[in-house]
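In what follows, a structure is listed as structure tokens, so that the remarks can point back to it.
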Amino acid sequence: MSGADGPASMKIAIVIESFDPHAGGLERSTAQIAQELTDRGHAVTLLAGGCGDTGCLPGVTIRAMARRKRSSAVRLFRVNRWAKKQIEDGGFDVSLSMTTAVPAAVLQPRGGTVRETLDRNIAMRPTAWGRLVKRVGVMLNPKQRLLLYLEKQSFQDEGLLRVAAVSGYVIEQLEQHYDLTSEKIELIPNAAVMPKVDGDQRAQWRKRIRDSFEITDDVPVFLFAAINPRLKGFEPLMQALVILKERGVPGVVLLAGDFWHRHNQYVARLGVRDRVRFIRHTKRIEALYAAADVTVHPTFYDPASKVVIESLMMGVPAISTAYNGASDLIAPADQPLRGRVVQDPADALALADAMQALTDPDEREKCRQAAAGLDGVLSMSAHVDRLEGLLRASAGLSEPKPSE
């Protein structure tokens, strides 16, 4: 389709294994991208293996193979076959897959590659025996084996035109694990949606949250937000907090996400319960960024963490690891630091050093100044600008924009 006064609109298929727009990470980003493309006049159909609410995105057509989200090798095989059939018969101008389990004209593996995900899950085990047990478990798991097989098939699919990588780390995965050439890959950095917040609102949130947890304004506050605390570095973070306490360095950690009694017990055993505040789930993450001085995300694996991106968009310095694609934003080449990057996620001492460095208000101010302007650069609108261009090129409507 084409408009007389503007660029041609497209009929776009977006594929995802399962979909809940209220979930975090991949599903939330997919909802934002689908909505943004629809608002720009494109006809977007979301193909989901499982989705309980097919009317949740205004203007977006959602087709679900089933209403329930389930996880099994048989279900994954069915989703692969069903989604490919939908793309073939749908008369779409272009297809975009958010999962490497289903091939499309454009792949955007927002979770990185399955191969790297499994490797990093094995690496996070603290002992050689634990790593061996995990590796054997992966080899014997039917779904994991199918995921690896389908991923390889997707990257070798004749219909694949381009891969949109959300970070340099994902590009490294594509080149290392699947020998994809740079001509096949487009770097489109990950993005987030954050509200515009003025200074008065930030100050109100900061005071209200700190007062509610009896934290004075002079105490450094670190925010740790995670749905999967273990993968995101909860234990090394708590060990780093022990080191800071032994050094006499002040600091409190806000824990937001999927935290349970076992996490409370672990913190108590380490003797740092007085330095931790449990928040659990929240829909007002922007208020927590305003209350914090630093976001700490010592993840064992993240293709391009939204937590770090959101933090920097809010002007809050971040600490993460070399296994987070978003760490390129924390320590960009030949630019001032916006926080700290720890090389080994399990290195609690290095993490403690990074946290201690950012207890210095002057150092935090330098990081905040270095992050100025990122709210526009990392917006979902800017991300979709580039993704839309890549989709147009793949549909034969324009030339692709060069990678940055």
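Read the figures in this text as sums done on the coordinates, not as results from a lab. Keep in mind that this is a model prediction, so the values were computed, not measured. Glycine gets a Cβ as well: all are built from the backbone with ideal geometry, and neighbour counts include every protein chain shown.
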Scalar couplings 3J(HN,Hα) for the stretch 171-179 by Karplus 6.51 cos²θ - 1.76 cosθ + 1.60 (θ = phi - 60°), nearest whole Hz, x for Gly and Pro, are 4, 4, 4, 5, 6, 6, 8, 10, 6
Between the helical axis of 261-270 and the dominant principal axis of the chain, each derived from Cα atoms, what acute angle in degrees is found, rounded to the nearest 10? 40
I'd like the orientation of helix 380-394 relative to the chain: the angle between its Cα long axis and the longest Cα principal axis, in ° from 0 to 90, rounded to 10. 30
So, by mean Cβ neighbours within 10 angstrom, what's the order for 199-208, 340-349, 311-320, 41-50 with the highest one leading? 311-320, 41-50, 340-349, 199-208
When the Karplus curve 6.51 cos²θ - 1.76 cosθ + 1.60 is applied with θ = phi - 60°, which whole-Hz ³J(HN,Hα) does each residue of the stretch 138-146 get, with x for Gly and Pro? 5, 5, 8, 7, x, 5, 5, 5, 5
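For a quick protection proxy, order the peptides 123-135, 91-103, 162-174, 272-284 by their average other-Cβ count within 10 Å, most packed first.
On the way: 123-135: 12.9, 91-103: 23.9, 162-174: 21.6, 272-284: 15.0.
Peptide ranking by packing, descending: 91-103, 162-174, 272-284, 123-135.
Using only helices, what value at 222 nm comes out for the chain when you add -39,500 (n - 2.57) per DSSP H run of length 4 or more and divide by the total residues, to the nearest 500 deg cm²/dmol?
So the calculated ellipticity at 222 nm is -13500 deg cm²/dmol.
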Each label sits 7 Å from Cα toward the beta-carbon; between residue 385 and residue 88 the label points are separated, in nm, by 3.9
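So which GluC sites (Glu not before Pro) in the stretch 203-290 end up in coil per DSSP with only 13 or fewer other C-beta atoms within 10 Å?
On the way: sites: 214, 246, 286; in loops: 214.
Qualifying residues, ordered by number: 214.
Between residue 81 and residue 136, take the C-beta separation as r, use R0 = 30 Å, and let me know the FRET efficiency to the nearest 0.05.
Values: r = 29 Å, r/R0 = 0.97.
Efficiency computed from Cβ-Cβ geometry: 0.55.
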Whose amide H sits under 5 Å from the amide H of residue 233, counting only residues 5 or more places off or on another chain, with H placed in the peptide plane? 300
In whole Hz, the Karplus estimates of ³J(HN,Hα) for the stretch 91-98 (6.51, -1.76, 1.60; θ = phi - 60°; x where Gly or Pro) are x, 7, 6, 7, 10, 10, 10, 8
Give me, ordered by chain and number, the residues 5 or more places off residue 342 or on other chains with an amide H under 5 Å from its own placed amide H. 320, 321, 322
Percent antiparallel among DSSP beta bridges with both residues in the chain, to the nearest 5? 0
Kindly state, to the nearest 0.05, the FRET efficiency for residue 56 paired with residue 145, given R0 = 41 Å and r defined as their beta-carbon distance. 0.80
Quick one: compute a quarter of the convex hull surface over the Cα atoms of the stretch 258-323 and quote it in nm². 5.2
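Nothing charged except the Cβ atoms of Lys and Arg (+1) and of Asp and Glu (-1): what's the magnitude of the dipole of the chain about its Cα centre? Round to the nearest 20 debye.
Values: 52 positive and 48 negative charges, 390 e Å.
The calculation lands at about 1880 debye.
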Label-to-label distance, nm, for residues given as residue 265 and residue 211 (7 Å Cα→Cβ offset): 3.7
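What number in nm² do you get for the stretch 199-377 if you take the convex hull of its Cα atoms and divide its surface by four?
Numbers: hull surface 37.9 nm².
Orientation-averaged projected area of the Cα hull: 9.5 nm².
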Amide H partners (placed H, <5 Å) of residue 15, local residues excluded: 47, 96, 97, 98
